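Student: Attaching a single structure in C-alpha cells format; questions to follow.
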Amino acid sequence: MRVLVTGGAGYIGSHTVLALLRAGHEVHVLDDFSNASPEALARVGAMTNGRIGLTRGDVRKDSALDAAMEGFGPEAVIHFAGKKAVGESESAPLLYYDINVGGTVALLAAMDRHGCGGIVFSSSATVYGSPDYLPLDEDHPTRPANPYGRTKLMSEGIIADWAGATDGASAISLRYFNPVGADVSARIGEDPIGVPDNLMPFIAQVAIGRRKELAIFGADWPTRDGTGERDYIHVSDLAEAHVAALAHVAGRTGYDVCNVGTGTGSTVLEMVAAFEAATGVAIPYRLTDRRPGDVKSYVASVDKARDLLGWESRRDLPDMCGSTWAWQQANPNGFRD
Ligand code: UFG
C-alpha cells in the first residue's frame with residue numbers, strides 16, 4: 001500500500017517506517033523535525049535500500065498536507081505527528097490542543113480532499129487514566145488525567161466521528177503502553193532532547209555516564225517491591241502492530257480502538273535489574289518521592305489486539321534492554337553525532 005506517515009522521523013515513527021518498508025509498503029513521510037532528526041530517515045533508507053518520500057512541514061498546514069498527498073496518492077495514513085510530554089501539556093495546554101487536536105482535524109480534511117479513507121492513529125493508554133481494574137481492556141472507562149491524554153482522547157473521538165460520516169472510511173486508534181528499546185541494528189532509537197522524562201532513556205544515560213544516578217519515583221506503591229509497574233513493549237513489536245493495523249484498516253470499514261502492550265507488567269526495580277542483567281552495567285539509583293500524576297500499575301489486556309489484528313508482542317525484556325544499550329553505546333549523543 002501507499003502509506004503517508006505523519007511524524008515518521010520520530011522514535012516510534014522511524015521504527016514503523018522501517019517495518020512498513022520491510023513489509024513491502026511504499027512510504028511518504030510528513031515531518032517538521034521539531035522533535036526528530038532527518039538522520040533517522042536517512043538511516044532507515046540506507047537499511048532498506050528503500051526510497052522514502054519526504055515532505056518537511058507542519059501537520060496543521062493545508063499546504064504541507066497537500067504537498068505530501070499530491071502525486072503520492074496515499075491509500076492510508078498512519079498519524080504519529082504530535083506532542084507527547086505530559087508535564088509540558090500541563091504548562092502549555094493550548095499548544096497541545098492546537099498541534100494534537102488541530103493537526104488531526106487538518107489531516108482528516110486533507111484525506112477527504114485527496115480521497116484517502118484509511119487511518120491508523122497513534123493514541124496512548126494514558127486515555128484510561130487511573131485504573132479501576134487491571135489489566136486494562138478497551139472497555140475500561142476513559143478519563144485522562146492531563147491535557148496530553150485529553151488531546152489523544154479527543155482525537156480518537158474526532159476520528160471515530162469522521163469514520164462514521166465518511167463512506168468507505170476505515171480507522172483504528174492504537175493505545176500504546178510503554179514503548180522502549182531500539183531496532184536490532186542499533187542504527188535508530190529513542191533520542192530525547194534534554195533530560196529524559198521516561199524511565200528507559202534515563203537508565204541508558206546513567207549507564208553511559210551522562211547522568212550520575214536514577215531517581216526512582218516512589219518506593220511506597222502497593223506493588224511487589226514498592227515501585228511503579230508498567231507494561232513495557234519493544235518499539236519494534238509496536239511498529240509491527242502498525243503494519244497489522246494497516247492490513248486491518250484496508251480490509252474493512254468503520255472504527256475501532258485497540259491496546260498495544262505485552263500483557264506483562266514490570267516494576268522500576270525489575271527494569272533496573274533486567275537492564276543490569278542484559279548489559280552487565282550497574283545502575284546506581286536513589287529512592288525519592290512519588291512523581292505527581294503517576295499511578296501504581298498500568299498493564300494492558302492484549303486479547304483484542306490478538307483477535308482483531310492477529311498481532312502479539314514477540315520480544316522480551318532482555319531484548320528491550322539489550323537493544324536500548326546497543327543503540328545508546330553506538331550513538332552516545334543520539335543522532336547528533
Ligand atoms: N520513573 C522513575 N524515574 C524516572 C522516570 C520514570 O522512577 O526517572 C518511573 C515512573 O514513576 C513510572 C515508571 O518509571 O513508575 C515509568 O515512567 P515513564 O515516565 O517511563 O512512563 P509513564 O508510564 O509515566 O508514561 C508513559 C508515557 C506517557 C503516557 C503513559 C501512559 O511517557 O506519554 O506512559 O501510557 F501517557
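The values are calculated or read from the model by the stated rules, or taken from the named source; none is laboratory data. This is a predicted model, so every value here is computed, not measured. Don't worry about glycine lacking a Cβ; one is built from the backbone with ideal geometry, like all the others, and counts go over all protein chains shown. Note: accessible area is taken over every heavy atom of the protein model, side chains too, but ligands, DNA and RNA are not part of it. Shrake-Rupley method; radii C 1.70, N 1.55, O 1.52, S 1.80 Å.
Student: Restricting to the range 276-296, count the residues that are open to solvent by less than 70 Å² (accessible area, probe 1.4 Å), within 10 Å of the ligand (Cβ to nearest atom) and outside any loop (DSSP other than H, G, I, E, B).
Tutor: 1
Student: Separate question: Return the only residue of 122, 63 being out of contact with any Cys (no Cβ under 6 Å at 6 or more places or on another chain) and either in a strand (DSSP E or B) or assigned by TED's automatic domain parsing to the domain that holds residue 291 (or both). Explain how you work it out, then say what you get.
Tutor: On the way: 63 fails: either in a strand (DSSP E or B) or assigned by TED's automatic domain parsing to the domain that holds residue 291 (or both).
Going through 122, 63 in turn, the sole match is 122.
Student: Still on this model: Identify, please: which residue in the range 229-254 is at negative phi, more than 15 Å from the ligand (Cβ to nearest atom) and among the small types (Gly, Ala, Ser) and is, among those, surrounded by the fewest Cβ atoms within 10 Å (Cβ to Cβ)?
Tutor: Of the residues in the range 229-254, the ones at negative phi are 229-253.
With more than 15 Å from the ligand (Cβ to nearest atom) added as a condition, the list becomes 236-237, 239-240, 242-253.
With the extra rule that they be among the small types (Gly, Ala, Ser), the set shrinks to 236, 239, 244-245, 247, 250-251.
Numbers: 236: 23, 239: 22, 244: 22, 245: 28, 247: 15, 250: 13, 251: 9.
Among residues in the range 229-254 that are at negative phi, more than 15 Å from the ligand (Cβ to nearest atom) and among the small types (Gly, Ala, Ser), the one surrounded by the fewest Cβ atoms within 10 Å (Cβ to Cβ) is 251.
Student: Kindly indicate whether residue 86 is touching a Gly at 6+ places or on another chain (Cβ under 9 Å), at pLDDT below 95 and not polar (S, T, N, Q).
Tutor: Values: touching a Gly at 6+ places or on another chain (Cβ under 9 Å): yes; at pLDDT below 95: yes; not polar (S, T, N, Q): yes.
The answer is yes for residue 86.
Student: If you don't mind, there's one more thing I want to ask. Return yes or no: is residue 98 away from the ligand (no atom under 16 Å from the Cβ), touching a residue at least 12 places away in the same chain (Cβ under 8 Å), surrounded by fewer than 18 Cβ atoms within 10 Å (Cβ to Cβ) and under 20 Å from the mean Cα position of the chain (by Cα)?
Tutor: Values: away from the ligand (no atom under 16 Å from the Cβ): yes; touching a residue at least 12 places away in the same chain (Cβ under 8 Å): yes; surrounded by fewer than 18 Cβ atoms within 10 Å (Cβ to Cβ): yes; under 20 Å from the mean Cα position of the chain (by Cα): yes.
Criteria met by residue 98.
Student: Working only within the range 175-190, note down all residues that are away from the ligand (no atom under 13 Å from the Cβ) and surrounded by 22 or more Cβ atoms within 10 Å (Cβ to Cβ).
Tutor: Pass one, the range 175-190, residues away from the ligand (no atom under 13 Å from the Cβ): 182-189.
Passing the criteria: 182, 183, 188, 189.
Student: Filter the range 189-206 down to residues that are closer than 21 Å to residue 238 by Cα and part of a loop (DSSP other than H, G, I, E, B), then give me how many there are.
Tutor: Matching residues across the range 189-206 total 7.
Student: In this structure, does residue 271 turn out to be more than 16 Å from the chain's Cα centre (by Cα), within 13 Å of the ligand (Cβ to nearest atom) and either open to solvent by 60 Å² or more (accessible area, probe 1.4 Å) or within 22 Å of residue 190 (Cβ to Cβ) (or both)? Reasoning before the result, please.
Tutor: Details: more than 16 Å from the chain's Cα centre (by Cα): yes; within 13 Å of the ligand (Cβ to nearest atom): yes; either open to solvent by 60 Å² or more (accessible area, probe 1.4 Å) or within 22 Å of residue 190 (Cβ to Cβ) (or both): yes.
Yes.
Student: Of all residues in the range 207-216, which are within 14 Å of the ligand (Cβ to nearest atom) and open to solvent by 10 Å² or more (accessible area, probe 1.4 Å)?
Tutor: To start, the set of residues in the range 207-216 that are within 14 Å of the ligand (Cβ to nearest atom) comprises 207, 210-216.
Across the range 207-216, the qualifying residues are 207, 210, 211, 212, 213, 215.
Student: Would you point out the residue of the range 317-337, among those that are outside any helix (DSSP H, G or I) and without any contact (Cβ under 8 Å) to a residue 60 or more places away in the chain, that is surrounded by the fewest Cβ atoms within 10 Å (Cβ to Cβ)? First the steps, then the outcome.
Tutor: Taking the range 317-337 first, the residues outside any helix (DSSP H, G or I) are 331-333, 337.
Checking the rest, the ones that are also without any contact (Cβ under 8 Å) to a residue 60 or more places away in the chain come to 333, 337.
Details: 333: 10, 337: 8.
Per the stated criteria, the residue is 337.
Student: Look at residue 162 and say whether it is of a type in the set (A, V, I, L, M, F, W, C), in contact with a strand residue (DSSP E or B) (Cβ under 8 Å, 6 or more places away or on another chain) and within 16 Å of the ligand (Cβ to nearest atom). It would help to see each step written out before you state the result.
Tutor: On the way: of a type in the set (A, V, I, L, M, F, W, C): yes; in contact with a strand residue (DSSP E or B) (Cβ under 8 Å, 6 or more places away or on another chain): yes; within 16 Å of the ligand (Cβ to nearest atom): no.
For residue 162, the condition - of a type in the set (A, V, I, L, M, F, W, C), in contact with a strand residue (DSSP E or B) (Cβ under 8 Å, 6 or more places away or on another chain) and within 16 Å of the ligand (Cβ to nearest atom) - is not met.
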